[in-house]
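Down below is the structure, laid out as structure tokens.
The values are calculated or read from the model by the stated rules, or taken from the named source; none is laboratory data. In this text the structure is predicted, and so the values were computed from the model without any measurement. Here the Cβ positions follow ideal geometry from the backbone for every residue, glycine too, while neighbour counts run over all protein chains shown.
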Amino acid sequence: MILVTGATGKVGGQVAAQLVAAGVAVRVLVRNPETAVLPDAVEAARGDLVDVVRGDLADPATLTEALAGEVDAVFLMWPLAGPRGSAEVVAALAGRTRRIVYLSTRGVPDDDTAELGEDILGTHAALERLIRASGAEWTLLRPGGFAGNTLGWAPEVRAGGPVRIAYPKAARTLVHEADVATAAVRALLTDDLVGTAPELTGQELLTQAEQVAIIGEVLGRPLAVERLSREEAHADLLAAGLSPAYAEGILDAHAVMETDPETVVTGAAELLGRPPRTYRQWVTDHTADFR
């Protein structure tokens, strides 16, 4: 039995779907089992391979049902801004399962003495420290930028553009959520990645302007890019529900990537057993979201 958190999201949904496709029993943690929207393959397996339980990582006391019986491993993604409450969650998981596979991020410092903020890197670093010290087997997945984050442009794309971006020259190696899930499933089902923190990226470096151009090419219509001020971009991120620290961290990172772009991880193909999917493949898989 594998417990999957975040199964209503992009990565967690892919993890649950790939486990089901492999014939593995899955328990998914959701806030409301009656209204949770799960991937079709996961929904179809409810009551067979899939057990849907109510719980919320923001309230560790609600994890009792999810951890009942024998849970072999947990796929954990942290949905909250900042690490508050994470110590209780990690302790509860480690007390009832032998393995935690955590969805972290590239760039987390390995120095356990470094002072941590409540930005994205600080939050992931705090969770990583707790998991490594928990006594459970662990794998810390550190993907680069998610291709799925560019769905934030979907309303502008559907409207015909322009797509407004604060740092259009910021270059990233975006990774498909299905590839992140493939690495997670390997970590959950085999001992290959125990005690490691593998990085994962896509196979190409693309600026945000180039990403928009690829979306237009896949859709068959050109899309213009318009530069957004940092202040406007910051306001948009806050309106989308991000904390000020997270919004500042994202914009700071994008500003740096205009002159110091991300790098492609050379071991990604070895981690996945095949080359990573391209951004064009990701857009093709999500065409309906942009139309």
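Assorted remarks:
- Filter pass, residue 41 being buried (at least 21 other Cβ atoms within 10 Å of the Cβ), more than 23 Å from residue 89 (Cβ to Cβ) and without any contact (Cβ under 8 Å) to a residue 40 or more places away in the chain: no
- When the stretch 1-38 is filtered for residues that are without any contact (Cβ under 8 Å) to a residue 40 or more places away in the chain and among the β-branched types (Val, Ile, Thr), the ones remaining, listed by number, are 8, 20, 26, 28, 30, 35, 37.
- Counting only residues that are assigned to a strand (DSSP E or B), more than 24 Å from residue 127 (Cβ to Cβ) and of a type in the set (A, V, I, L, M), the stretch 25-65 holds 2 of them.
- Flag if residue 268 is within 24 Å of residue 177 (Cβ to Cβ) and either touching a strand residue (DSSP E or B) at 6+ places or on another chain (Cβ under 8 Å) or in the same structural domain as residue 152 (by TED's automatic domain parsing) (or both): yes
- Among the residues of the stretch 274-289, those identified as in contact (Cβ under 8 Å) with a residue 12 or more places away in the chain and not hydroxyl-bearing (Ser, Thr, Tyr) are 275, 276, 277, 280, 281, 282, 283, 285, 286, 289.
- Across the stretch 44-64, not a single residue is classified as crowded, with 16+ Cβ neighbours inside 10 Å, touching a residue at least 60 places away in the same chain (Cβ under 8 Å) and touching a strand residue (DSSP E or B) at 6+ places or on another chain (Cβ under 9 Å).
- Subset of the stretch 102-133 [closer than 20 Å to residue 59 by Cα and either touching a strand residue (DSSP E or B) at 6+ places or on another chain (Cβ under 9 Å) or β-branched (Val, Ile, Thr) (or both)]: 102, 103, 123, 124, 127, 128, 131
- Just one of the listed residues (142, 172) is at pLDDT below 95 and among the basic types (Lys, Arg), and it is 172.
- Tally of residues being outside any helix (DSSP H, G or I) and at negative phi across the stretch 167-209: 27
- Looking across the stretch 71-92, the residues that are surrounded by fewer than 19 Cβ atoms within 10 Å (Cβ to Cβ) and within 20 Å of the chain's Cα centre (by Cα) come down to 79, 80, 81, 82, 84, 85.
- Among the residues of the stretch 14-43, those that are in contact with a helix residue (DSSP H, G or I) (Cβ under 7 Å, 6 or more places away or on another chain) and not aliphatic (A, V, I, L, M) comprise 14, 18, 39.
- Exactly one residue among 95, 122, 107, 161 is assigned to a loop (DSSP other than H, G, I, E, B), out of contact with any Phe, Trp or Tyr (no Cβ under 8 Å at 6 or more places or on another chain) and not assigned by TED's automatic domain parsing to the domain that holds residue 227, and that residue is 107.
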